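Below is one structure; the comments refer to it alone.
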Amino acid sequence: QQQVRQSPQSLTVWEGETAILNCSYEDSTFNYFPWYQQFPGEGPALLISISSVSDKKEDGRFTIFFNKREKKLSLHITDSQPGDSATYFCAASAWGGSGNKLIFGTGTLLSVKP
Amino acid sequence: EAAVTQSPRNKVTVTGGNVTLSCRQTNSHNYMYWYRQDTGHGLRLIHYSYGAGNLQIGDVPDGYKATRTTQEDFFLLLELASPSQTSLYFCASRDRDEQYFGPGTRLTVL
């Protein structure tokens, strides 16, 4: 059972466009949602995160939009650059409950064409 | 900056073989994790630990053992490796809300 779902599986955008990566979850106890970025040959690294008390989190060109009622969130990458080409994982956790582990989605492979 | 190292980086073994994957973190984080990464499945948690001598069962533990010998060292053991365990394995340590991942070990079971 996949508790965290991501779409699309792969996405191609042109340099300068906005890439939108989607994520949904099932467990209403989840309250922390990080996005990890992974380049080929490397381990994932934390990119940006949001808690369930917020509906938006911005860090430079990266923004998370969170809809608690619909159990959905999205990562927007504005002014996409070829260096943003990577796999992006949405994850979720219930910090404070069974909150010692993250549940990861299956990832979105982003390709930014120059 | 957090540092997590893994060894070996690549390993090939045969079905029924005995494999140990090693992970070391140098930041004294309490929590450490072992994941496997497979296309179509993302990252799945095998085992984790919150300190030396402690072990917690993850989401896909079958066929794997693990041992946390010190604050720094966490080992993943495959005692009778099977082809289904061919995968990319990541170790991570956790500081507050962030997990720091190692570079991964690619394991092939023939």
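Please treat every number below as a calculation from the coordinates, not as lab data. The structure displayed is predicted, hence computed values, not measured ones. Methodologically, a virtual Cβ is constructed for each residue, glycine included, from the backbone with ideal geometry; neighbour enumeration extends over all protein chains shown.
From the Cα trace of segment A:4-113, what convex hull volume per residue do you get, rounded to a whole Å³?
Hull volume normalised by residue count: 91 Å³.
Taking springs between alpha-carbon atoms closer than 10 angstrom, which of A:G16, A:G83, A:G41 fluctuates most in the Gaussian network model of chain A?
Taking springs between Cα atoms under 10 Å, the residue moving most is A:G41.
Roughly how many debye, to the nearest 20, is the charge dipole of chain A about its Cα centre, given +1 on each Lys and Arg Cβ, -1 on each Asp and Glu Cβ, and no other charges?
340
Name the most mobile residue of B:G58, B:G42, B:G17, meaning the one with the largest mean-square fluctuation, in a Gaussian network model of chain B with Cα contacts below 10 Å.
Maximum among the listed residues: B:G42.
Beyond 22 Å, what percent of the Cα pairs of chain B remain?
Numbers: 1397 of 5995 pairs.
Considering chain B, 23 percent of its Cα-Cα pairs are separated by more than 22 Å.
Treating the beta-carbon of each Lys and Arg as +1 and of each Asp and Glu as -1, no other charges, what is the dipole magnitude of chain B about its Cα centre, to the nearest 20 debye?
That gives a dipole near 240 debye.
What aspartates and glutamates sit close enough to A:K68 to cross-link, taking a C-alpha to C-alpha distance under 12 Å and skipping anything fewer than 8 places away on the same chain?
A:E26, A:D27, A:D55
With θ taken as phi - 60° and the coefficients 6.51, -1.76 and 1.60, list the Karplus ³J(HN,Hα) couplings across segment A:20-37 in order, rounded to whole Hz; mark glycine and proline as x.
Once θ is set to phi - 60°, the couplings for segment A:20-37 become 10, 10, 10, 8, 9, 9, 10, 7, 6, 7, 5, 9, 9, 9, x, 10, 10, 10 Hz.
What lysines does B:K65 reach when the alpha-carbon gap must be under 20 Å and sequence neighbours fewer than 8 apart in one chain are set aside?
A:K101, B:K11
Towards the positive end of the charge dipole of chain A, with charges on Cβ (+1 Lys, Arg; -1 Asp, Glu), say which of A:A45, A:G105, A:P8 has the farthest Cα.
A:G105
Can you work out the base-10 log of I(q)/I(0) for the protein assembly as shown at q = 0.07, 0.16 1/Å, using the Debye formula on its C-alpha atoms alone?
So the normalised log intensities are -0.22, -1.11.
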